[in-house]
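Colleague: I am attaching a structure below and will ask some questions about it afterwards.
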Amino acid sequence: MGLFGSESKFESSVKQIPYAQQAVYDNISDLTNLEKVRDRVPEDKINDFKFDHDTVSLNVAPVGELKLQIIERDEPKCVKFEAVQSPVPFNVWVQVLPVTETSSKMKVTVKAELNPFIKGMVEKPLQEGVEKIADALAQVHYV
């Protein structure tokens, strides 16, 4: 048990992607590719959406400023992110596994240190958020 409470894990459902594992990995491991999804970002919920090769920052209502950094790349199957600026410490894993030579599957996992009070407030929105992230990533054209 950490300083902030116990670790909570939120997983998306597995998303089928009609692109090869390597193409998907190449895109998610370089955050400059977020330019492809900029038009899908809900501006009523997210502001100040900025990114470079290794980091992404955004202002999420009502949470505030979030900044994530890639801390591990396990080519071609996983990219791990860590919150460097956030109200609560958390990590995000995006896992990509091959299905065929031209298709793959993806799952998004978030692990966060949450005390019981905070967990009760954020559990449902966090689970929905993880699913929305996975849905958005599944709809990207990975070419």
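Colleague: Filter the stretch 72-94 down to residues that are touching a residue at least 12 places away in the same chain (Cβ under 8 Å), open to solvent by 70 Å² or more (accessible area, probe 1.4 Å) and assigned to a strand (DSSP E or B) and give me whichever is nearest to Asn33 (Cα to Cα).
Modeller: Here the residue is Arg73.
Colleague: Looking at this structure, is Gln16 polar (S, T, N, Q) and over 23 Å from Val122 (Cβ atoms)?
Modeller: Taking the combined requirement at face value, the residue satisfies it.
Colleague: From Ser57, Ser6, Ser13, which residue is among the small types (Gly, Ala, Ser) and not in a strand (DSSP E or B)?
Modeller: Answer to the selection: Ser13.
Colleague: Give the residue that is farthest from Val92 (Cα to Cα), with candidates limited to residues of the stretch 1-34 that are modelled with pLDDT of 95 or more and among the hydroxyl-bearing types (Ser, Thr, Tyr).
Modeller: Within the stretch 1-34, the match that is farthest from Val92 (Cα to Cα) is Tyr19.
Colleague: Output the qualifying pairs, or none if there are none: Cβ atoms under 9 angstrom, residues six or more apart or on different chains, first residue in the stretch 106-122 and among the polar types (S, T, N, Q), second residue modelled with pLDDT under 85.
Modeller: Note: pairs meeting the criteria are Asn115/Phe4; Asn115/Gly5; Asn115/Ser6; Asn115/Val88.
Colleague: Can you confirm whether Glu43 is among the charged types (D, E, K, R), more than 19 Å from Ser12 (Cα to Cα) and touching a residue at least 60 places away in the same chain (Cβ under 8 Å)?
Modeller: Against the criterion (among the charged types (D, E, K, R), more than 19 Å from Ser12 (Cα to Cα) and touching a residue at least 60 places away in the same chain (Cβ under 8 Å)), Glu43 does not qualify.
Colleague: Here is a follow-up. Quick check on my filter: what residues within the stretch 16-52 are open to solvent by 70 Å² or more (accessible area, probe 1.4 Å), under 17 Å from Glu82 (Cα atoms) and either assigned to a strand (DSSP E or B) or touching a Leu at 6+ places or on another chain (Cβ under 6 Å) (or both)?
Modeller: Within the stretch 16-52, just Lys50 meets the criteria.
Colleague: So in the stretch 61-115, with the set limited to residues that are hydroxyl-bearing (Ser, Thr, Tyr) and more than 10 Å from the chain's Cα centre (by Cα), which one is farthest from Asp26 (Cα to Cα)?
Modeller: Among those residues, the one meeting the criterion is Ser86.
Colleague: Which one is modelled with the lowest pLDDT, of the residues in the stretch 61-71 that are open to solvent by 60 Å² or more (accessible area, probe 1.4 Å) and part of a strand (DSSP E or B)?
Modeller: Glu65
Colleague: Exactly one of (1) within 11 Å of the chain's Cα centre (by Cα); (2) open to solvent by 30 Å² or more (accessible area, probe 1.4 Å) is unmet by Gln127. Its number?
Modeller: Against the list (1) within 11 Å of the chain's Cα centre (by Cα); (2) open to solvent by 30 Å² or more (accessible area, probe 1.4 Å), Gln127 comes up short only on (1).
Colleague: Next question, about the same structure. Looking at the stretch 99-106, can you tell me whether even one residue there is open to solvent by 70 Å² or more (accessible area, probe 1.4 Å), in contact with a strand residue (DSSP E or B) (Cβ under 9 Å, 6 or more places away or on another chain) and over 20 Å from Thr55 (Cβ atoms)?
Modeller: Checked against the condition, which is being open to solvent by 70 Å² or more (accessible area, probe 1.4 Å), in contact with a strand residue (DSSP E or B) (Cβ under 9 Å, 6 or more places away or on another chain) and over 20 Å from Thr55 (Cβ atoms), the stretch 99-106 yields at least one hit.
Colleague: Could you say which residue among Val41, Val143, Val37, Val56 is at pLDDT 85 or above and closer than 25 Å to Pro18 by Cβ?
Modeller: Step by step, each of Val41, Val143, Val37, Val56 is checked, and only Val56 is at pLDDT 85 or above and closer than 25 Å to Pro18 by Cβ.
Colleague: List, please: which pairs have Cβ atoms under 7 Å, are six or more places apart or on different chains, and start with a residue in the stretch 7-31 that is closer than 17 Å to Glu75 by Cβ and end with one that is open to solvent by 30 Å² or more (accessible area, probe 1.4 Å) and of a type in the set (Phe, Trp, Tyr)?
Modeller: Leu31/Phe51
The values are calculated or read from the model by the stated rules, or taken from the named source; none is laboratory data. Keep in mind it's a predicted model, so treat the numbers as computed, not measured. Note that each Cβ is placed from the backbone with ideal geometry, even for glycine, and that neighbours are counted across all protein chains shown. Only protein heavy atoms, including side chains, enter the accessible area calculation; ligands, DNA and RNA are left aside. Shrake-Rupley method; radii C 1.70, N 1.55, O 1.52, S 1.80 Å.
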